[in-house]
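Visitor: Take a look at the following structure, please.
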Amino acid sequence: MYNPMLDTFLTVADCGSFTKAAQQLFLSPTAVMKQMNTLEQQMEVTLLKRTSAGIRLTDAGAAIYQDSKFLIDYSKKSIAHAKTIQSAEDTTFCVGTSLLNPAKPFMDLWYRMSQYFPGYKLHLVPFEDNHDGILSEIENLGVKFDFLIGVCDSKAWLSRCRFLELGKYRKMVAVPRFHRLANKNLIHVEDLHGETLMMVKAGDSGVNDFIRNDLTRHHPEIQIEDTSQFYDLDVFNHCAESNKVLLTIECWQEVHPGLVTIPVAWEYDIPYGLLYSPDAPADVLRFVELVYT
């Protein structure tokens, strides 16, 4: 932050002697003199009067002497302030949150685990559930945020992060409020005969692929329509604006006010859990380990 030779200059000025200053600084008198010569050359200012009686400050040197004390003190305070900020950053967990991947399940974890992280704070970082950009958000784990909580059965997601399963969400269906099935409390698969069921295209999710294969084989009366690889609000809007059925999960019941989410008489579910970087720092790994145990 400042030229460290200023410390030597202040000591020389206070001692009035290169030799005495050298003793305090644990340097040789020659090394002290070289520093002062170099400092004067860099500043292009004569700081010291060298006399047989000792060292005295020039008028310019006296001005530098006073300003150096202020500069050094200000620099130390600035560094201390920066370290405080860094310390706060080092003791903050950044948690991503979005409409489809809300941070609430993490908050429930945090209330159990915070006792092991005294002084730590949480910072929620919003992001968009855009199907074109979601993979880049997953890749931001460890950079933009430390954790995400989300449904994760995606090969593309799992190739970019680590995943600790916390539980499972039931697979359900959502229909527009004017749909013929909207008033049902429970839907049987046969109720979907003649309907168009929207779901992610095959190849990325083992659970969804299993459901697709089962329905295709045993319920060909259900027409399956591919959505984008990853759900976003556009998928829910399309369902609400059509007369179609959307394969969804229980935690997304409030995503779209124009849709009604209904349980189905089947045993399908999908895992959700904690997502974190493959190169996560020690405190993140410690949090994961505590959750796991």
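Visitor: Sort through Gly203, Gly194 and tell me the only one that's in a loop (DSSP other than H, G, I, E, B) and either touching a Lys or Arg at 6+ places or on another chain (Cβ under 9 Å) or open to solvent by less than 60 Å² (accessible area, probe 1.4 Å) (or both).
Guide: Of the residues listed, the single one that is in a loop (DSSP other than H, G, I, E, B) and either touching a Lys or Arg at 6+ places or on another chain (Cβ under 9 Å) or open to solvent by less than 60 Å² (accessible area, probe 1.4 Å) (or both) is Gly203.
Visitor: So which pairs qualify, if the first residue must be in segment 256-269 and within 9 Å of Met172 (Cα to Cα), the second must be hydroxyl-bearing (Ser, Thr, Tyr), the Cβ gap must be under 8 Å, and the two must be at least 6 apart or on different chains?
Guide: Partner pairs satisfying both residue conditions: Thr261/Thr248; Asp269/Tyr169.
Visitor: Yes or no: His81 modelled with pLDDT under 90 and either outside any helix (DSSP H, G or I) or under 18 Å from the mean Cα position of the chain (by Cα) (or both)?
Guide: no
Yes/no per residue for (1) over 21 Å from Met113 (Cα atoms); (2) open to solvent by 50 Å² or more (accessible area, probe 1.4 Å):
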position: Leu246; (1), (2): yes, no
position: Gln253; (1), (2): yes, yes
position: Pro257; (1), (2): yes, yes
position: Pro263; (1), (2): yes, no
position: Trp266; (1), (2): yes, no
position: Asp269; (1), (2): yes, yes
position: Gly273; (1), (2): no, no
position: Val284; (1), (2): no, no
position: Phe287; (1), (2): no, no
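Visitor: Answer yes if at least one residue in segment 228-236 is over 29 Å from Leu122 (Cα atoms), outside any strand (DSSP E or B) and β-branched (Val, Ile, Thr), and no otherwise.
Guide: Checked segment 228-236: at least one residue is over 29 Å from Leu122 (Cα atoms), outside any strand (DSSP E or B) and β-branched (Val, Ile, Thr).
Visitor: Do we have any residue at all in segment 156-170 that's of a type outside the set (Val, Ile, Thr) and closer than 25 Å to Glu241 by Cα?
Guide: Yes: one or more hits.
Visitor: If you check Ile55 against the conditions, is it in a strand (DSSP E or B), over 45 Å from the mean Cα position of the chain (by Cα) and surrounded by 15 or more Cβ atoms within 10 Å (Cβ to Cβ)?
Guide: yes
Visitor: Continuing with this model, one more query. For segment 274-293, which positions are in a loop (DSSP other than H, G, I, E, B) and farther than 15 Å from Phe145 by Cα?
Guide: The one that is in a loop (DSSP other than H, G, I, E, B) and farther than 15 Å from Phe145 by Cα: Thr293.
Visitor: Sticking with this one: Please work out which residue is surrounded by the most Cβ atoms within 10 Å (Cβ to Cβ), limiting yourself to segment 64-77 and to residues that are of a type outside the set (Ser, Thr, Tyr) and within 13 Å of Phe9 (Cβ to Cβ).
Guide: The extreme case among them is Ile64.
Visitor: Which members of segment 22-43 meet the condition of being of a type in the set (A, V, I, L, M, F, W, C) and touching a residue at least 24 places away in the same chain (Cβ under 8 Å)?
Guide: Answer for segment 22-43, where residues must be of a type in the set (A, V, I, L, M, F, W, C) and touching a residue at least 24 places away in the same chain (Cβ under 8 Å): Val32, Met36, Leu39.
Visitor: Count, please, the residues in segment 29-45 that happen to be surrounded by fewer than 14 Cβ atoms within 10 Å (Cβ to Cβ) and in contact with a helix residue (DSSP H, G or I) (Cβ under 6 Å, 6 or more places away or on another chain).
Guide: 1
Visitor: Can you tell me which of (1) surrounded by 15 or more Cβ atoms within 10 Å (Cβ to Cβ); (2) part of a helix (DSSP H, G or I); (3) modelled with pLDDT under 90; (4) not polar (S, T, N, Q) is the one Gly61 doesn't meet?
Guide: (3)
The values are calculated or read from the model by the stated rules, or taken from the named source; none is laboratory data. Not measured: the values here are computed from a predicted model. Reconstructed Cβ throughout: ideal geometry from the backbone, glycine too, with neighbour counts over all protein chains shown. Just the protein is used for accessible areas: all its heavy atoms, side chains included, with ligands, DNA and RNA removed. Shrake-Rupley method; radii C 1.70, N 1.55, O 1.52, S 1.80 Å.
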